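Colleague: Below you'll find the structure I mean.
The values are calculated or read from the model by the stated rules, or taken from the named source; none is laboratory data. Remember, predicted model here, so these are calculated numbers, not experimental data. Because the Cβ atoms are built from the backbone with ideal geometry, glycine has one as well, and the counts that use them run over all protein chains shown. Keep in mind that these areas ignore ligands, DNA and RNA; they rest on the heavy atoms of the full protein, side chains included. Shrake-Rupley method; radii C 1.70, N 1.55, O 1.52, S 1.80 Å.
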Amino acid sequence: MEDDVAGHHRVPVYSSATEVVEKLKEKWSSVKKQPYPAMYSSVFGGIILDPTVMVIPIDDHMVHRGHGVFDTAMLMDGYLYELDAHLDRFLRSASKAKITSPLPRETLRSILIQMTAASKCKRGSIRYWLSAGPGNFLLSPAGCPEAAFYAVVIDVDYSQCKEGVKVITSTIPMKPPLFATMKNVNYIQNVLSVMEAEEKGAFASIWVDDQGYIAEGPNVNVAFISKGKELLLPPFDKILSGCTVKRLVALAPKLIEKGLLKAIRTAHMTIDQAKDSDEMMFVGSGLPVMPIVQWDDQLIGDGKVGEVTLALSDLLWEDMIVGPERIQVPYN
């Protein structure tokens, strides 16, 4: 901005879309690799490849009221992993948020696959949102003509997590069950809990519910290997039902067959009980398993990445690469 004669900042006024687009192009001109190679917007009615116009209307209720839900899917070597499971959860979240999709499920699915193909990206993730839509700045979405659907491809070279991390017990209150079990865009608690962990030199935090039981991480599920070699998971009644952790539960019996595990079950655990575990891990789409070796000031087990954790990680990673829950993207 320039200064006027009185020393005040003079704010530019852009009277045309062309001027605004030119300014946006300046922003992206220095970016060597486009991190978001494709976006879909139902407002535009198509797939966008130019990052300068990957925008959302300011009067969209997801922007100014947080009235929106989202979900994701990993993209591994040209295949979308567990898209259908994530899409089903997405629509359940939308139902809880009282948002009616402007498009049927199969059309949403087709758009996501076509967008990924148009991006030419082979590894990364996709993320997609249903919003109450643009229309005004009121609380009620009654004045919004229809809901909006947005999606984007994120180009990131994910790799398997094998190094252990430190976590802390979060002091940030967790979401009540209605909102915790719905994957909505209100993530201020999640953000603050991660920032709190980073300020203390940790990777992330663990939430404990109002009854003193272990709940989840800021955007991941948490799992434990007990001294009796059981895979233990907090119940899903107050937390998000993770697609990746449910897939892990489906795959884990293979480790029972190998003698590495004895049982798989959900269990209410206090902090002391959980910290007494032999092994601990985060489970989530982009990890898919991250070993945890220290919680607050206490080492988990011997403070090293555990054998069972790595075996579970290998199971999920293999499933992402060659398993049946994949959809091949038709790049052309």
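Colleague: Which one is least open to solvent (accessible area, probe 1.4 Å), of the residues in segment 64-87 that are more than 20 Å from Val329 (Cβ to Cβ) and assigned to a loop (DSSP other than H, G, I, E, B)? Talk me through it step by step, then tell me what you get.
Modeller: We begin by selecting, within segment 64-87, every residue more than 20 Å from Val329 (Cβ to Cβ); these are 64-70.
Among the residues that remain, those that are also assigned to a loop (DSSP other than H, G, I, E, B) are: 65-67.
Details: Arg65: 109, Gly66: 16, His67: 40 Å².
Within segment 64-87, the match that is least open to solvent (accessible area, probe 1.4 Å) is Gly66.
Colleague: Confirm whether Ile47 is more than 26 Å from Phe179 (Cβ to Cβ), in contact with a helix residue (DSSP H, G or I) (Cβ under 7 Å, 6 or more places away or on another chain) and not polar (S, T, N, Q).
Modeller: Criteria met by Ile47.
Colleague: From Phe224, Phe282, Phe203, grab the single residue that is out of contact with any Cys (no Cβ under 8 Å at 6 or more places or on another chain), in contact (Cβ under 8 Å) with a residue 40 or more places away in the chain, aromatic (Phe, Trp, Tyr) and open to solvent by 10 Å² or more (accessible area, probe 1.4 Å).
Modeller: Answer to the check: Phe203.
Colleague: So which residues in segment 300-332 are in a helix (DSSP H, G or I), of a type outside the set (Asp, Glu) and touching a residue at least 12 places away in the same chain (Cβ under 8 Å)?
Modeller: Result: Val308, Thr309, Leu310, Ala311, Leu312, Ser313, Leu315, Leu316, Trp317, Met320, Ile321.
Colleague: Where the second residue is open to solvent by less than 90 Å² (accessible area, probe 1.4 Å) and among the hydroxyl-bearing types (Ser, Thr, Tyr) and the first is closer than 13 Å to Pro51 by Cα and touching a residue at least 12 places away in the same chain (Cβ under 8 Å) and lies in segment 7-30, which pairs have Cβ atoms under 8 Å and are six or more apart or on separate chains?
Modeller: Val21/Thr52; Leu24/Thr52; Lys25/Thr52; Lys27/Thr52; Trp28/Thr52
Colleague: Also, I was wondering about something else. Taking segment 1-58 as the search range and keeping residues that are touching a strand residue (DSSP E or B) at 6+ places or on another chain (Cβ under 7 Å) and over 23 Å from Val153 (Cα atoms), which one is modelled with the highest pLDDT?
Modeller: Here the residue is Arg10.
Colleague: So, one more: Only residues in segment 232-260 that are more than 17 Å from Gly217 (Cα to Cα) count as the first member; pair them with residues that are at pLDDT 95 or above and among the small types (Gly, Ala, Ser), Cβ under 6 angstrom, at least 6 apart or cross-chain, and list the lot.
Modeller: Leu255/Ala311; Leu260/Ala311
Colleague: Related question: Condition first: in contact (Cβ under 8 Å) with a residue 12 or more places away in the chain and either on the phi > 0 side of the Ramachandran plot or among the hydroxyl-bearing types (Ser, Thr, Tyr) (or both). Can you find one or more residues in segment 49-62 that meet it?
Modeller: yes
Colleague: Would you check if Asp296 is on the phi > 0 side of the Ramachandran plot and among the charged types (D, E, K, R)?
Modeller: When the stated conditions are applied, Asp296 passes them.
Colleague: Quick one: count up the residues across segment 285-332 that are open to solvent by less than 60 Å² (accessible area, probe 1.4 Å) and either among the polar types (S, T, N, Q) or farther than 22 Å from Pro234 by Cβ (or both).
Modeller: Adding up the residues that qualify gives 13.
Colleague: Would you check which residues across segment 130-147 are outside any loop (DSSP other than H, G, I, E, B) and of a type in the set (Ser, Thr, Tyr) and list them?
Modeller: Across segment 130-147, the qualifying residue is only Ser131.
Colleague: Moving on. Looking only at segment 88-118, filter to residues that are among the β-branched types (Val, Ile, Thr) and part of a helix (DSSP H, G or I); which one of those is least open to solvent (accessible area, probe 1.4 Å)? Spell out the reasoning first.
Modeller: Step one: list which residues in segment 88-118 are among the β-branched types (Val, Ile, Thr), which gives 99-100, 107, 111, 113, 116.
Okay, now just the ones that are also part of a helix (DSSP H, G or I), so 107, 111, 113, 116.
Working: Thr107: 53, Ile111: 21, Ile113: 24, Thr116: 0 Å².
Per the criteria, the residue is Thr116.
Colleague: Go through segment 40-60 and give me each residue that's open to solvent by less than 60 Å² (accessible area, probe 1.4 Å) and aliphatic (A, V, I, L, M).
Modeller: Correct list: Ile48, Val53, Met54.
Colleague: Let me ask something else. For segment 165-193, which residues satisfy the criterion of being over 18 Å from Ser93 (Cα atoms) and open to solvent by less than 30 Å² (accessible area, probe 1.4 Å)?
Modeller: Val165, Val167, Ile168, Ser170, Ser193
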